[in-house]
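Okay, structure first, notes after.
Bear in mind that the values in this text are calculations on the coordinates, not laboratory data. Worth saying up front: this structure is predicted, and the values here are computed from it rather than measured. Every residue, glycine among them, receives a Cβ derived from its backbone with ideal geometry; neighbour counts consider all protein chains shown.
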Amino acid sequence: MPERELEALLGTSHFRVLIGREELGIGEVTRLASVTDLEVPPEERGNRFETVVLRRALSRDTGLYDWRRSIVDGKNDRRPVTIHQLEGAGGRIVNSWRLVRAWPCRWSGPSFSAQASDVAVEELELAFDDLVWLRPRQRQRSRPTTQGA
């Protein structure tokens, strides 16, 4: 039997997030999960996707809040969200997932404390219709990015 070369383990600190075609500097993406409800009889079981939370340092850019505000105002503003896992900083894309017809079900801004010196963070929680694991294209390289963004 021919020997197979071991694949390098993939890290979680180098990634890119796109909402539509716009790349955002996101510092954290919570886990992607597809779940089947085991608490009900098999014939009644349903499948669902857990929400995903995007976290980033707060700036003067109100884009995430504006997207949530459009939903609150009654607009059906669903967008594709793509998460690219990178081989390393500025490396090639090794995995990609698409949240199909995503929409923000929660936005939260920073909490404040005079006793702390934390970076102000905003969060956007996304619900979506489907989760698709995209096949990476051969030799696709990412644009240079910093760690976690």
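Of note:
- Each label was represented as a point 7 Å from its Cα along the Cα-to-Cβ direction; for Lys75 and Glu23 these points are 2.5 nm apart.
- Read-out semi-axes √(5λ) of the Cα gyration tensor in Å, derived from the coordinates shown; its label in (i) 28, 24, 16; (ii) 35, 17, 14; (iii) 43, 14, 13: (i)
- Most to least packed among 29-37, 15-23 [average Cβ atoms within 10 Å]: 15-23, 29-37
- Sum of -39500 (n - 2.57) over DSSP H runs of 4+, divided by residues of the chain (222 nm, nearest 500): -2000 deg cm²/dmol
- Residue-count net charge about Gly109 - beta-carbon cut-off 12 Å; Lys, Arg +1, Asp, Glu -1: +2
- The magnitude of the dipole of the chain, with charges of +1 and -1 set on the Cβ of Lys/Arg and Asp/Glu and taken from the Cα centre, is near 720 debye.
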